[in-house]
Amino acid sequence: MKYSEFEKIMSKPRMDRYLTACNNDSRKAMTLYRINLNLSQQIFTIVSCFEIALRNKIDEHYKTIYGNDWLRDSIIAGGFFSIHKTKRTKKIVSNAVKKLGTN
C-alpha cells in the first residue's frame, strides 16, 4: 500500500507522529505503526485478563464482608453507593439489577 493511501485511512495527524519518529521515512513509519498496533493488541489482552482478575477479587472480598448480595445491597438507602459522589455508579448498578431481575 502506498503511504498516501495509508495516511488517508489513518489520518495525517496520527501518522505525522510516526513520520517524525522515523525521520520522514514513510516506509518505516508504516512499519512502526503496524508494530505499535500489534503491541497494543497484545497489551489489550493482558489488561483485559487483569481487569477480570481484579473484579473477581473485589467481588470475593466484598462477599466475605457483606455477603453474596453486596452489590445489590450497596444501592439501597444506607448502602455505600447511596452517597452523592457515587450517584453514577449507583445508577449503573441499579439499571443492571433491574435488567437481571430479582433472581
Being in a helix (DSSP H, G or I) and surrounded by fewer than 11 Cβ atoms within 10 Å (Cβ to Cβ) narrows L39, L32 down to just L39
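Report, by residue number, each residue of region 19-30 that is of a type in the set (S, T, Y) and out of contact with any Ser or Thr (no Cβ under 9 Å at 6 or more places or on another chain).
To start, the set of residues in region 19-30 that are of a type in the set (S, T, Y) comprises 20, 26.
Once the filter is applied, which keeps residues that are of a type in the set (S, T, Y) and out of contact with any Ser or Thr (no Cβ under 9 Å at 6 or more places or on another chain), region 19-30 yields only T20.
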Checking I65, I52, I75 in turn, the sole residue that is outside any helix (DSSP H, G or I), closer than 25 Å to K98 by Cα, out of contact with any Asp or Glu (no Cβ under 9 Å at 6 or more places or on another chain) and among the β-branched types (V, I, T) turns out to be I75
- Message: Just to be sure before I move on: is L19 modelled with pLDDT of 90 or more, in contact with a helix residue (DSSP H, G or I) (Cβ under 7 Å, 6 or more places away or on another chain) and within 30 Å of K98 (Cα to Cα) in the structure I sent?
- Response: no
So, I92, is that one in contact with a Lys or Arg (Cβ under 6 Å, 6 or more places away or on another chain), without any contact (Cβ under 8 Å) to a residue 60 or more places away in the chain and surrounded by 10 or more Cβ atoms within 10 Å (Cβ to Cβ) or not?
no
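The values are calculated or read from the model by the stated rules, or taken from the named source; none is laboratory data. From a predicted model like this one, the values you see are computed outputs, not experimental measurements. Every residue, glycine as well, gets a Cβ built from its backbone with ideal geometry; the counts of neighbours run over all protein chains shown.
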